[in-house]
Structures are given as structure tokens and as C-alpha cells.
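Heads up: the structure comes next, in C-alpha cells.
Nothing in this text is a laboratory measurement; each read-out follows from the coordinates by a stated rule. Only a predicted model underlies this, so the values are computations on that prediction, with no experimental measurement involved. Please note: Cβ atoms are built from the backbone with ideal geometry, for glycine as well, and neighbour counts cover all protein chains shown.
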Amino acid sequence: MPDSTKNFAIDTSNAPVGATTVTRAQFIDILEHLNYVSGNIRSIDELATGGLLSIDGTGNANARTLEASTGLSWSNATGAAGNPSISISDPQSAWNALHSVESNTITNTKLVSVIASAGSYALPAPPSSQVACKVVINSSSGDVVITSGDLADKDALGNATTSVTIPSKNMAIFYSDNSGSWYLQNSSRLLIQ
């Protein structure tokens, strides 16, 4: 707390303070009944349970517990007996959760795009300074054309690639390097242009 802020307050209900003087016993009693003034320290002091703490900027503190999520589990979630640890309790559920899916759109926020309407779709630029993977599944009855100015692949003549055509009921997998280029996993069924 800042130097100009009082850190403690006297609990006059449990340790009455005389109007002019106090005895030694009363003074000790007053010191033993000091309370933290409003703020984070007081908020922490008043918590009934320990564990992980969440503290905001307005003087509130809350005990928190790490909770299991899809396919994941925790041991010692409050940290009461040492460091919490995380494990994969259901590998298939965790795998499915990681393979997030979007429909009829292609973004960088989902791993898999399932396209049910034939047409042209833009592949966004890969995340900067990261390696990424994007799976595009064409479940439509026609061709899906993926366009991007960030494709690193070359066509049969060695020209820069600007689009990839995914025939009906096929898929394409794109990987990025950490310098902003997409690479297409080789497939003889795809038309690279």
C-alpha cells in the first residue's frame, strides 16, 4: 500500500480503546485485534478457504479452483498440497476438443473448416511467427476453390500458386511456416493453380 495509506484499523468492538489512556494489557489487546483496512490484504485475510487466489484492482480477493475440462483432469486443484497438475483423462475427448470445427467459412480460429456449399473461399493469412495447421473438408457436391496470396506452393510450371481447387468429397490440409506462408500437403486429387 502507498505510504500515505493506513494499513491497519483498530477493532474497537473486540478491543475497546480508552478515551485518554490505556493500560499495558489493553494496548496488547488492541494490537492483537488490529484488522487490515479495506483492500487486497483485508480481502485475503477474510477468505474462509485457501488455494489459488484471484485479486482484482478494487480490493477484492476470491479463492479459485482449477476445474477439469473436456478430456482434462486436475490433481490438487487448489494447490493446497503443493503444485496443481494437469493430465489427459480422456485422450479422445481432448483430441476432439482440439479439433474445433467451423461450417462454410474459413478462419484462423478453428482447426477444421467443413464446406457444404461449393464456391470460392479465402484462406486467411497464417498467424504471424507461429506454425499453424488448417484442414478444409469439401462436403459439397461441387468444387471448392481456396484462394490465398500466402500460398508457398508452385504450380506444374513453377509459377506462384494463388488458388487450390478441392473436388467434391475431398479435403486439403495446409501447414504454415513461421514466416507467414501456407504449404499444401501433397495430394494428387487437388488442382493447384
**Request:** Please give every one of the lysines within straight-line cross-link reach of K110, meaning a C-alpha to C-alpha distance under 17 Å, and leave out same-chain neighbours fewer than 8 residues apart.
**Result:** K134
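Only counting other Cβ atoms within 10 Å, I'd like H33, H99 sorted with the fewest neighbours first. Spell out each step's value before the answer.
Values: H33 15, H99 11.
Ranking H33, H99 by Cβ neighbours within 10 Å, fewest first, gives H99, H33.
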**Request:** Give, in nm to one decimal, the length gained when the segment between A68 and I55 is fully stretched (0.36 nm per residue of separation minus the Cα-Cα distance).
**Result:** 2.5 nm
**Asked** Using modelled amide H (1.01 Å from N, peptide plane; none on Pro or chain starts), what sits under 5 Å from the amide H of R64, excluding residues fewer than 5 places away?
**Response** L52, L53, S54
**Asked** Once both labels are modelled 7 Å past Cα along the beta-carbon direction, what's the T162-K6 spacing in nm?
**Response** 7.4
